[in-house]
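Read the structure below first, then the notes.
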Amino acid sequence: MLGRTASSLFWMSRYHERAQNVSRLLEVACRGAIISHSGQEDGTHWTFALACSDCETGFKQKYEELNARNVAAHMIFSKENTSSIRSSLELARNNARAVRTGITAELWEAINTTWIEFTDVSPQSVTLEKLPDFLSWVNQRAHLFRGALLNTILRDDGYFFSQMGNFVERSDNTARILDTYYWTLLPDSDIIDDGSLEHYQWSAMLRALSGRRSYRFAYPNARLKAFNIAEFLILRTEMPRSLAHCYDWIADTAEDLAQFYGSREPSLDMAAEMARDLAEKQMHEIYQQGLHDFLSDFISKNNLFAHQLGEDYNFA
């Protein structure tokens, strides 16, 4: 496969995953704005969304007031913000169009229709009251994209690069959300009143990663606890957005790619090593290392893996 084709498939999936991740963060922020949280300071929910998506600096440079309209404009519709939903959907479509003959009609239709319908939406029409429905639509379109990819694409190298892009972006998002408020997940934070800011942030993390209900299944007899939440989002492979689950997928896909080409590149060994490290880790070891240090190191290694994958297959 040509390097530019591999690149387009990798980034097509990565940008679509990013659009959904930003949408989830905004859903949590919107929920926080609508539902009053005892003891929560004004703007905390919007700050959470901006910080976790790495959009805070760009927002402050452009806007003076922190409110729903400005945050939505920056994180949904901004052309200048490369992490906005608009930018992500447009870049995903551009990459899909570059390999139009290499993807199925169903997958192209899912991507192209999403972009066309998005461009028909007026930013002024998305008020705080209408924002949840709009974000729900973005999530539904992301699920349609993922379903079309999983159910119609041939299991060849194109599929493998698409999978890599999806889970590199997903693991990056999970690690950044955890690292943004890592201090709330430290062991001495376990005893927290239900109405506290820390308790709200724990719930926000789980909701942003679609893990609020599944956490209850994983820990049926436990309240929200910092140790459990950190373990759930880092080491529990049954959680679809945990770091361990993402690198299980990446490592398995790396093995498939090695077999497909009959050769093993350095990036594939990096994936196997990261998956093995997460499988062998215990949560108390991560706390001993330092949660922030662990997450920062993971984000760096994840970026290095993505870069090395590009180097190995000529799309860096």
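Once the Cα-Cα distance is subtracted from the 0.36 nm per residue extended length, the Glu255 to Gln140 segment shows a gain of 38.3 nm.
Candidates Ala271, Leu206, Ser196 compared by Cα position along the dipole of segment 155-316: farthest toward the positive end lies Ser196, with charges placed on Cβ.
Each residue of segment 240-252 is assigned a 3J(HN,Hα), and the resulting list reads x, 10, 6, 4, 5, 5, 4, 7, 4, 5, 4, 5, 5 Hz, derived from the Karplus form 6.51 cos²θ - 1.76 cosθ + 1.60 (θ = phi - 60°), x at Gly and Pro. Evaluating 6.51 cos²θ - 1.76 cosθ + 1.60 at θ = phi - 60° for every residue in segment 129-142, the Karplus couplings come out as 5, 8, 4, x, 5, 5, 5, 4, 4, 4, 5, 4, 5, 5 Hz, glycine and proline recorded as x. Using the alpha carbons alone, the radius of gyration of the chain stands to its Kirkwood radius in an Rg to Rh ratio of 0.96. At a probe radius of 1.4 angstrom, the accessible area of segment 1-153 per residue rounds to 46 square angstrom. The GluC sites (Glu not before Pro) found in segment 226-316 that occupy coil by DSSP, while having at most 14 further C-beta atoms within 10 Å, are Glu238. Taken about its Cα centre, the chain carries a charge dipole of about 860 debye when Lys and Arg each add +1 at the Cβ and Asp and Glu each add -1 at the Cβ. When only Cα pairs below 8 angstrom with a gap of at least 6 residues are kept, the chain shows a relative contact order of 23 percent.
Applying Stokes-Einstein at 10 °C and 1.306 mPa s to the Kirkwood radius of segment 1-153, computed over alpha-carbon pairs, gives a translational diffusion coefficient of 99 µm² s⁻¹. Mean-square fluctuation check for the chain, GNM, Cα pairs under 10 Å: which of Glu106, Glu56, Glu117 is largest? Maximum among the listed residues: Glu117. Each stretch of four or more DSSP H residues adds -39500 (n - 2.57); spread over every residue of the chain, this sum gives -22500 deg cm²/dmol at 222 nm.
Counting only protein heavy atoms and a 1.4 Å probe, segment 236-316 has 48 square angstrom of accessible area per residue.
Taken over the Cα atoms of segment 155-316, the convex hull encloses 108 Å³ per residue.
Show me, for segment 209-218, the HN-Hα J-couplings you get by feeding each phi into the Karplus relation (A = 6.51, B = -1.76, C = 1.60, θ = phi - 60°), rounded to Hz, glycine and proline as x. So the J values, rounded to whole Hz, are 10, 6, x, 4, 6, 5, 4, 5, 6, 6. Annotation note: GluC sites (Glu not before Pro) in segment 125-218 located in DSSP loop regions with a Cβ neighbour count of at most 13 within 10 Å are Glu129.
The residue list His292, Ala73, Tyr182 was ranked by how far each Cα lies along the charge dipole of the chain toward its positive end, using unit charges on Cβ atoms, and Ala73 comes out on top. The portion of the accessible surface of the chain made up by carbon and sulfur, rounded to a whole percent, is 47 (1.4 Å probe; DNA, RNA and ligands excluded).
The values are calculated or read from the model by the stated rules, or taken from the named source; none is laboratory data. If you're wondering where the values come from, they're calculated on a predicted model, not measured in any experiment. Virtual Cβ from ideal backbone geometry, glycine too; neighbours counted across all protein chains shown. The area values use the complete protein model at the heavy-atom level, side chains included, leaving out ligands, DNA and RNA. Shrake-Rupley method; radii C 1.70, N 1.55, O 1.52, S 1.80 Å.
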